[in-house]
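Asker: I have a structure I would like to understand better, so I am pasting it below and will then ask my questions one at a time.
The values are calculated or read from the model by the stated rules, or taken from the named source; none is laboratory data. Since we're looking at a predicted model, the values are computed, not measured. No Cβ is skipped: glycine too gets one built from the backbone with ideal geometry, and neighbour counts run over all protein chains shown.
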Amino acid sequence: MAFANSDISDIIATTIESRSGTVADNVTENNALLMRLKQRGRVKPISGGQYIMQEISFAENSNAMYYSGGEALAISAQDVITGARFDIKQAACAVTITGLEQLQNSGEEQFIDLLDARVEVAEASLMNLIASGIYSDGTGSGGKQITGLQAIVADAPSSGTVGGIDRATWSFWRNQTFDATSAGGASTSATNILTYWNTLYASMVRGSDVVDLIATDNNHWGYYMAALQANQRFTGDSKMAEAGFVTVKYMNADVVLDGGIGGNVPSKHTYFLNTKYLFYRPHRSRNFNAIGGDRFSTNQDAVVRLMGWAGNLSCSGAQFQGVHFE
């Protein structure tokens, strides 16, 4: 006996909703950057608003001063806090069951198996879309893509607007860079990669504020591994390793290969990240949840449910991020 459409749609919706928390966790656990942000408490869901606002401390309070005895203290109002404004980006994937498939999978167990397979594919597709967006420049799909690392940690950070702040005007909002050819005089290789990384790393340190995650493509990963001395062992973060990420150490930062098959780091790029100032901001009500009700076509025998995500990646300290390229 075939299921009634209302029963089918209820099963689809229930299946998506019951798995949404697991899928949301899987997204963070299967992306090196998102996993680190989760470890550091930098996954900050939003609940509403037209934009994602990220507070930024962009200047010191000039009232700080030495004084003696009853000397008057500086108490003038200080404008030292601003906010970066990130758009809420949206993504979705449809799960569709046709009338013929309902008839062909008439047993309840058969139907649930088919539905599980469809939902798993939709989950994986949406997860991959978000994971690739994390390294994007946000211009994909007509600007509807996530504001990823290629925008926040740009190769050319002295121009363009990120989070509503013009980088040509505000130097505090520019990330650090190391262009191997112009700054180092030669393309990156196993013989110079440590020198290049040392230079970039030093430009990003502020006391104990340091890089904690380095994401590389295949090329730079190979150069770095070749540069390591044979009699030394560099171990990475055990939690990252347990999640399946191949990691080694540079200084105290974990170096993660996010290249390989389906890797998302752009070719000949390495991102030096201080994840204290990076945030993953999914919407509480749209974090791999079912969107709305059933979708029925007037001229097709099928029922559709949408699985959706909304949010963005945000930053509160671009100057503490860096990129080494070519």
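Asker: Has region 221-237 got at least one residue that is part of a helix (DSSP H, G or I), at pLDDT 90 or above and within 30 Å of Gln50 (Cα to Cα)? Spell out the reasoning first.
Answerer: Within region 221-237, the first condition is being part of a helix (DSSP H, G or I), and the residues that meet it are 221-227.
Subset that is at pLDDT 90 or above: 221-227.
Subset that is within 30 Å of Gln50 (Cα to Cα): none.
The answer is no; no qualifying residue exists.
Asker: Additional query: Under the condition of being out of contact with any Gly (no Cβ under 7 Å at 6 or more places or on another chain), of a type in the set (Val, Ile, Thr) and assigned to a strand (DSSP E or B), which residue from region 256-294 is surrounded by the most Cβ atoms within 10 Å (Cβ to Cβ)?
Answerer: Ranking the candidates gives Thr270 first.
Asker: So which pairs qualify, if the first residue must be in region 271-295 and more than 18 Å from Lys44 (Cα to Cα), the second must be surrounded by 21 or more Cβ atoms within 10 Å (Cβ to Cβ) and of a type in the set (D, E, K, R), the Cβ gap must be under 7 Å, and the two must be at least 6 apart or on different chains?
Answerer: Listed pairs, sorted by first residue: Ala290/Arg305; Asp294/Arg305.
Asker: Just give me the residues in region 183-220 being part of a loop (DSSP other than H, G, I, E, B) and free of Cβ contacts under 8 Å to residues at least 40 places away in the same chain, in sequence order.
Answerer: Once the filter is applied, which keeps residues that are part of a loop (DSSP other than H, G, I, E, B) and free of Cβ contacts under 8 Å to residues at least 40 places away in the same chain, region 183-220 yields Gly185, Ala186, Ser189, Ala190, Thr191, Asn192, Val205, Gly207, Ser208.
Asker: Considering only region 85-96, how many residues are in contact with a Leu (Cβ under 7 Å, 6 or more places away or on another chain) and either aliphatic (A, V, I, L, M) or assigned to a helix (DSSP H, G or I) (or both)? Before the answer, list the steps.
Answerer: Let us first name the residues in region 85-96 that are in contact with a Leu (Cβ under 7 Å, 6 or more places away or on another chain), namely 91-94.
Applying the additional criterion that residues be either aliphatic (A, V, I, L, M) or assigned to a helix (DSSP H, G or I) (or both) yields 91-92, 94.
Number of matching residues: 3.
Asker: (1) at pLDDT 90 or above; (2) in contact with a Gly (Cβ under 7 Å, 6 or more places away or on another chain): which one isn't true of Ile56, the others all being true?
Answerer: (1)
Asker: Could you check region 152-169 and list, in sequence order, the residues that are touching a residue at least 60 places away in the same chain (Cβ under 8 Å) and over 18 Å from Thr82 (Cβ atoms)?
Answerer: The answer is Val153, Ala154, Asp155.
Asker: Let me ask something else about it. If the Cβ limit is 8 Å and pairs must be 6+ apart or interchain, which residue in region 296-321 that is in contact (Cβ under 8 Å) with a residue 24 or more places away in the chain and closer than 27 Å to Asn128 by Cβ pairs with which residue that is among the acidic types (Asp, Glu) and surrounded by 20 or more Cβ atoms within 10 Å (Cβ to Cβ)?
Answerer: Met307/Glu123
Asker: Restricting to region 190-215, and then to whatever is buried (at least 16 other Cβ atoms within 10 Å of the Cβ) and in contact with a helix residue (DSSP H, G or I) (Cβ under 7 Å, 6 or more places away or on another chain), can you tell me which residue is farthest from Leu34 (Cα to Cα)?
Answerer: Asn192
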